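Comments concern the structure below.
The values are calculated or read from the model by the stated rules, or taken from the named source; none is laboratory data. Just so we're clear, the structure is a prediction, and the values are computed from it rather than from any experiment. A quick note on method: Cβ atoms are made from the backbone with ideal geometry, for glycine too, and the neighbour counts reach across all protein chains shown.
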Amino acid sequence: MVNITHSRMNRFNYKTWTRYFMANDKKRLQIDFSGEKELTEAEKKLIFPSIQAFQKGEGSDGAFLMRAVEDFAYKNHKEGYIEAMRQFVKEENWHSAYLKKYMDHYGVKSKDRTFLDECFRKLRKLGGIKCEITVLVTAEMIALTYYDALSRCTASPALKAICAQMLHDELPHIMFQSYTLSQIGNGWFDQVLRVFFMTATLLTVWIAFHEVYLHGGYNFSRYIRENMGYLRQSIFLTRQSK
Ligand SMILES: [Fe+2]
Ligand SMILES: [Fe+2]
């Protein structure tokens with residue numbers, strides 16, 4: 001598990017976050033399939049159901065999210081948040097595009113809807129920006145262990161490169177969302193809700209995709225320990241002064 005609490009990025013404001021996302025956008029991954037050997041049927045069966053689910057989850061036009069962001073930003077005189085969030089949504093759409101490209105290479109179709117994605121989208125819309133960001137950052141924390149496990153499921157160099165890029169990008173996302181939660185205000189009740197929501201999501205993801213985790217070196221106890229560790233760090237960051 002990576003310690004994110006000491007990163008210099010935790011001192012960023014929305015202006016510096018925007019600059020970071022714009023600079024990161026210039027370093028997009030070019031997926032190289034030249035060293036790719038055909039995956040076995042067993043490998044395809046193992047990895048693609050979860051890749052389809054994450055590909056759907058990563059991509060969004062962000063329209064509903066951006067409305068909540070604008071509402072919060074204008075009311076609280078934090079207009080800089082709007083551009084930072086636009087850049088963030090752009091980056092997430094790149095993530096979806098990387099996975100789509102990989103699926104296309106193997107002739108795997110993307111899913112219009114997945115159970116997990118539907119749940120996340122419905123939950124995010126339950127209430128305002130705090131709800132949106134809480135759900136979003138929970139998915140991003142779980143993504144860290146997922147992409148780490150996924151990268152070890154096969155010898156595919158293209159998939160390893162995609163997973164490395166995801167891990168590189170998602171760590172700052174957690175700091176970015178935690179910063180926003182610190183701006184919105186996070187009381188003890190919100191933190192209890194976050195633990196509850198994380199627990200429910202972890203169990204759902206484990207039931208759906210435990211094979212990927214097991215092949216990637218995560219047993220149930222490591223999976224819970226690392227994800228709860230990231231949640232602890234995120235809650236610690238949200239308690240930092242505004
Ligand atoms: Fe992502
Ligand atoms: Fe993310």
Checklist outcome for this item: Screening 121, 113 for residues that are of a type in the set (Lys, Arg), within 16 Å of ligand 2 (Cβ to nearest atom) and surrounded by fewer than 18 Cβ atoms within 10 Å (Cβ to Cβ) leaves only 121
Item to check | Hits in the stretch 66-97 (condition: touching a residue at least 60 places away in the same chain (Cβ under 8 Å), of a type outside the set (Phe, Trp, Tyr), away from ligand 2 (no atom under 14 Å from the Cβ) and surrounded by 15 or more Cβ atoms within 10 Å (Cβ to Cβ)) | outcome: 68, 69, 78, 80, 83
Checklist entry - residue 100: among the charged types (D, E, K, R), in contact with a Ser or Thr (Cβ under 7 Å, 6 or more places away or on another chain) and either crowded, with 17+ Cβ neighbours inside 10 Å or modelled with pLDDT under 90 (or both), yes or no? => result yes
Next on the checklist: Which of the numbered conditions does residue 137 fail, given that it passes all the others? Conditions: (1) surrounded by 22 or more Cβ atoms within 10 Å (Cβ to Cβ); (2) on the phi > 0 side of the Ramachandran plot.
Outcome noted: (2)
Item to check | Residue in the stretch 10-36 that is farthest from residue 81 (Cα to Cα), counting only those that are surrounded by 15 or more Cβ atoms within 10 Å (Cβ to Cβ) and of a type in the set (A, V, I, L, M, F, W, C) | outcome: 31
Checklist entry - With 161, 155, 208 as the choices, which residue is within 16 Å of ligand 1 (Cβ to nearest atom) and under 16 Å from residue 47 (Cβ atoms)? => result 161
Item to check | Criterion: under 15 Å from residue 139 (Cα atoms) and among the acidic types (Asp, Glu) - qualifying residue of 38, 43, 58 | outcome: 58
Item to check | Only one of 209, 197 that is in a helix (DSSP H, G or I) and either within 16 Å of ligand 2 (Cβ to nearest atom) or modelled with pLDDT under 95 (or both) | outcome: 197
Next on the checklist: Could you go through the stretch 121-131 and let me know if any residue there is within 16 Å of ligand 1 (Cβ to nearest atom), hydrophobic (A, V, I, L, M, F, W, C) and closer than 21 Å to residue 62 by Cβ.
Outcome noted: no
Checklist entry - Considering the stretch 3-41 alone, what residues qualify as being among the hydrophobic types (A, V, I, L, M, F, W, C), touching a helix residue (DSSP H, G or I) at 6+ places or on another chain (Cβ under 6 Å) and assigned to a loop (DSSP other than H, G, I, E, B)? => result 4, 29, 31, 33
